[in-house]
Amino acid sequence: MRLNILITLFAAAGSLTAQPITQLPYSPSLDTTSMDTSVSACDDFYKYACGGWNKKNPIPSDQASWDVYAKLAYDNQRFLWGVLEESAKPSPTRTAAQEKIGDFYHACMDEAAIEKAGITPIQPWLSQIGALRNLNDVARYIADQHRLGVGSDLLYGFSSNQDFEDSQSIIAFAGRGSLGLPDRDYYTKSDAKSVEIRAKYVDHMKQMFAMFGDDPAAATAHANQVMTIETELAKSMLTRVELRNPHNLVHKMTPAQIDALAPSLRWRDLFHALALKDVKTINVVEPAFFRVLEQQLHEHGIEEWKSFLRWNHIRDASDYLSSPFAKAHFAFFGGYLRGVPEMKPRWRKCVELVDRDLGEALGQVFVAKTFTPDTKARTLAMTKEIELAMESELKTLPWMSDKTREQALLKLHSIVNKIGYPARWRDYSSVVIKPNDFFGNVERANRFEYKRQLAKIGKPLDRDEWRMTPPTVNAYYDAQMNDINFPAGVLQPPLFDPKMDDAPNYGNTGATIGHELTHGFDDEGRQFDAKGNLKDWWTSRDATEFESRAKCVSDQYSEYTIVDDIKINGKLTLGEDAADLGGTLIAYIAWKHATGEMKLEPVGGFTPDQRFFIGMAQWACGDMRPQLKREHALTNPHSPEEYRINGVVANMPEFAAAFACKAGQNMVRPRACRIW
């Protein structure tokens with residue numbers, strides 16, 4: 001994925017001046033006012049290209065980060081805000097889809113009703129937990145929560161996915177449950193900051209338990225019980241780097257085998273609750289997690305597990321409850337962990353939730369009003385040019401043997417390009433949405449989606465499905481589907497600008513297309529074949545050659561500092577760093593081919609090559625708060641924006657030539673890395 005995905009957090013009064021809009025504002029894909037030409041492009045190209053933007057666009061007080069992608073997402077949300085305001089008005093001309101998204105939005109905006117409800121919406125769950133008497137009761141409760149779609153990762157996760165070894169088959173998957181802190185490393189690291197975070201987390205749990213009626217002594221005991229259980233479970237989980245190796249995630253079992261692994265979870269009761277009648281295979285993503293979970297179920301008493309279950313519901317539901325609970329939730333997860341001073345305005349929260357839960361219904365309106373056939377055609381044409389450039393590179397790559405090259409070309413030619421929106425829109429007609437039941441709407445939408453996922457088990461693969469909604473400002477490559485996906489939301493100015501010449505468009509959107517394409521051949525994606533199966537199609541010599549070149553990239557980025565004394569984990573960010581480098585190079589080659597014999601003149605004092613690289617850099621203009629940088633150091637597979645630009649161009653002689661950079665300057669690495 002191209003974007004650091006953490007631009008949506010929480011909700012109630014923000015600093016951005018906001019009003020609904022009926023037309024998206026225009027921003028050029030190359031903006032000279034966003035530059036700071038007092039800085040040498042050869043010393044710090046990121047500041048040269050983005051210094052002006054960052055000065056003009058400080059992080060808003062309701063955001064953890066702010067960048068070009070986030071600003072475009074904000075503008076898209078303002079547009080959707082207007083759509084939802086109109087859809088919420090009763091009218092005989094409203095379509096069924098408009099009524100559904102309008103009623104969801106109306107219920108979300110009805111703060112008076114939400115305040116009046118207090119904790120009533122989750123009281124039935126808390127009462128059920130209070131009545132649990134033994135492990136069998138716990139297992140049945142978890143099964144029922146999965147059935148309701150409320151706790152699909154409560155204690156453990158259970159859903160569907162493509163079989164790693166047969167991408168045409170959808171099978172059941174069982175995986176880790178959710179933790180309260182952002183990553184397992186928060187529970188295992190011993191540095192002073194990590195110790196502080198854990199203490200603050202326990203304090204937050206104490207506060208929340210007290211708000212739900214516990215006396216101080218009970219709140220303290222329950223918080224400590226949860227922390228003990230979460231810590232033991234966290235230790236059993238794979239690290240983020242280990243999760244990048246898909247071979248670590250394949251452990252197919254029969255129902256009898258998974259029952260032997262964790263018998264206390266009563267798997268047959270789960271299958272019965274979920275109406276799964278003929279489950280033959282379950283891929284257990286992390287068997288070690290389930291072994292430890294089974295041990296913990298017996299090492300802790302029923303009262304401790306009731307504390308754990310209560311906390312999971314409190315944590316997950318608080319943002320949907322009345323303001324005291326939402327504010328307390330934000331104070332820790334938004335304010336302390338990510339350094340955000342203020343909550344988001346209510347309208348943003350509600351737009352985000354409609355997009356999350358009824359995204360393709362909302363997306364139909366967005367596409368009809370913002371995404372032209374010409375934009376789709378131009379994006380497809382650019383994609384084809386970039387694929388041709390990739391094909392040319394693969395055919396002439398000096399370190400790759402013909403045997404591996406043949407399979408690489410087969411995979412490239414098998415990639416499906418999805419642009420704008422799905423071929424078929426999702427049907428939400430079975431989702432009951434009421435204009436006066438916000439919490440119930442969220443619950444029923446979650447239940448619909450969970451049932452939809454479970455229904456895939458044993459069914460033919462739907463290759464037309466998307467994992468992002470049309471208004472989303474992002475893009476992705478799916479290794480098992482072997483497709484690249486560009487929602488309409490990301491194909492708007494300033495990221496894709498029909499008014500601008502090809503140089504910045506290829507530098508920006510073209511490099512993003514190349515980025516997603518390269519993911520099919522990064523350290524993770526290269527392990528899947530043309531059909532999306534986890535299959536080794538490399539000769540051992542070629543694999544060694546790839547790993548040597550990939551190590552160059554990993555070592556380079558591991559030298560960069562994120563915040564304080566924390567360095568980038570180059571092994572975690574390798575896939576994205578390699579995609580940034582390969583995607584930019586391929587886009588540059590494609591742009592040169594597309595413009596061919598055309599005589600390109602300078603524009604605004606910048607040569608065509610300079611305009612390509614400035615356009616490439618300006619997608620990444622922005623910044624994030626130190627607290628979020630610290631979190632991303634552990635959890636985010638993307639490097640910070642400045643290194644996603646400087647780290648790439650420092651490896652490209654084409655950039656050095658464009659800006660007349662010399663050996664010894666910061667943007668010219670003595671030993672350039674190159675994979676593709």
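The values are calculated or read from the model by the stated rules, or taken from the named source; none is laboratory data. From a predicted model like this one, the values you see are computed outputs, not experimental measurements. Counting neighbours? That spans all protein chains shown, and the Cβs are built from the backbone with ideal geometry, glycine included.
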inquiry  = So, in the range 113-140, exactly how many residues are loosely packed, with under 15 Cβ neighbours inside 10 Å, over 21 Å from Gly213 (Cα atoms) and either of a type in the set (Lys, Arg) or in contact with a strand residue (DSSP E or B) (Cβ under 8 Å, 6 or more places away or on another chain) (or both)?
reply    = 0
task = Considering every residue within the range 260-283, establish whether at least one is in contact with a His (Cβ under 9 Å, 6 or more places away or on another chain) and within 30 Å of Ala578 (Cβ to Cβ).
result = yes
ask   = Do we find that Ile101 is outside the structural domain of Gln492 (by TED's automatic domain parsing) and β-branched (Val, Ile, Thr) in this structure?
value = yes
key: Subset of the range 60-95 (residues that are among the basic types (Lys, Arg) and part of a helix (DSSP H, G or I))   = Lys71, Arg78
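Conditions tested, residue by residue: (1) at pLDDT 95 or above; (2) closer than 24 Å to Met35 by Cβ; (3) of a type in the set (A, V, I, L, M, F, W, C).
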site: Lys571; (1), (2), (3): yes, no, no
site: Asp580; (1), (2), (3): yes, yes, no
site: Thr584; (1), (2), (3): yes, yes, no
site: Lys592; (1), (2), (3): yes, yes, no
site: Leu600; (1), (2), (3): no, yes, yes
site: Phe606; (1), (2), (3): yes, yes, yes
site: Glu641; (1), (2), (3): yes, yes, no
site: Ala660; (1), (2), (3): yes, yes, yes
remark   = Restricting attention to the range 186-201, the residues that are over 27 Å from the mean Cα position of the chain (by Cα) and more than 17 Å from Gln627 (Cα to Cα) number exactly 1
key: Selection status of Arg625, assigned by TED's automatic domain parsing to the domain that holds Gly583 and in contact with a strand residue (DSSP E or B) (Cβ under 6 Å, 6 or more places away or on another chain)   = no
key: Counted residues, the range 582-611 - those being among the polar types (S, T, N, Q), touching a Pro at 6+ places or on another chain (Cβ under 9 Å) and under 29 Å from Phe546 (Cα atoms)   = 0
query = If Glu576 passes every condition in (1) crowded, with 22+ Cβ neighbours inside 10 Å; (2) over 30 Å from Glu406 (Cα atoms) but one, which one does it miss?
reply = (2)
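Rundown of residues vs (1) surrounded by fewer than 18 Cβ atoms within 10 Å (Cβ to Cβ); (2) touching a strand residue (DSSP E or B) at 6+ places or on another chain (Cβ under 6 Å), yes/no style:
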site	(1), (2)
Tyr421	no, no
Ala455	yes, no
Met468	no, yes
Pro487	no, no
Qualifying position, being modelled with pLDDT of 95 or more and touching an Asp or Glu at 6+ places or on another chain (Cβ under 8 Å), among Ala317, Ala331, Ala326 = Ala326
query = Which residues, taken from the range 401-440, are part of a helix (DSSP H, G or I) and of a type in the set (Phe, Trp, Tyr)?
reply = Phe438, Phe439
request  = Could you tell me whether Thr584 is under 19 Å from Phe521 (Cβ atoms) and out of contact with any strand residue (DSSP E or B) (no Cβ under 6 Å at 6 or more places or on another chain)?
outcome  = yes
remark   = Of the residues in the range 601-614, those that are surrounded by fewer than 24 Cβ atoms within 10 Å (Cβ to Cβ) and either of a type outside the set (Ser, Thr, Tyr) or part of a helix (DSSP H, G or I) (or both) come to Glu601, Pro602, Val603, Gly604, Gly605, Phe606, Pro608, Asp609, Gln610
request  = Working only within the range 527-564, note down all residues that are charged (D, E, K, R) and part of a loop (DSSP other than H, G, I, E, B).
outcome  = Asp529, Lys531, Lys535, Asp536, Glu559, Asp564
remark   = Restricting attention to the range 263-280, the residues that are part of a loop (DSSP other than H, G, I, E, B), surrounded by 14 or more Cβ atoms within 10 Å (Cβ to Cβ) and out of contact with any Pro (no Cβ under 9 Å at 6 or more places or on another chain) number exactly 3
remark   = In the set Ala617, Ala657, Ala633, the lone residue that is out of contact with any helix residue (DSSP H, G or I) (no Cβ under 6 Å at 6 or more places or on another chain), in a helix (DSSP H, G or I) and within 23 Å of Asp501 (Cα to Cα) is Ala657
remark   = (1) over 17 Å from Val365 (Cα atoms); (2) modelled with pLDDT of 95 or more all hold for Pro90 apart from (2)
query = When you go through (1) in the same structural domain as Glu516 (by TED's automatic domain parsing); (2) in contact (Cβ under 8 Å) with a residue 12 or more places away in the chain; (3) surrounded by fewer than 19 Cβ atoms within 10 Å (Cβ to Cβ) one by one for Glu406, which number turns out not to apply?
reply = (2)
request  = Considering every residue within the range 550-567, establish whether at least one is under 29 Å from Glu385 (Cα atoms) and in contact with a Cys (Cβ under 8 Å, 6 or more places away or on another chain).
outcome  = yes
key: Thr254 being assigned by TED's automatic domain parsing to the domain that holds Glu303, of a type in the set (Val, Ile, Thr), within 23 Å of Leu309 (Cα to Cα) and surrounded by fewer than 18 Cβ atoms within 10 Å (Cβ to Cβ)   = no
ask   = Are any of the residues in the range 236-243 within 27 Å of Ile170 (Cα to Cα), assigned to a helix (DSSP H, G or I) and not hydrophobic (A, V, I, L, M, F, W, C)?
value = yes
query = Taking the range 262-280, which residues are within 28 Å of the chain's Cα centre (by Cα) and more than 22 Å from Glu449 (Cα to Cα)?
reply = none
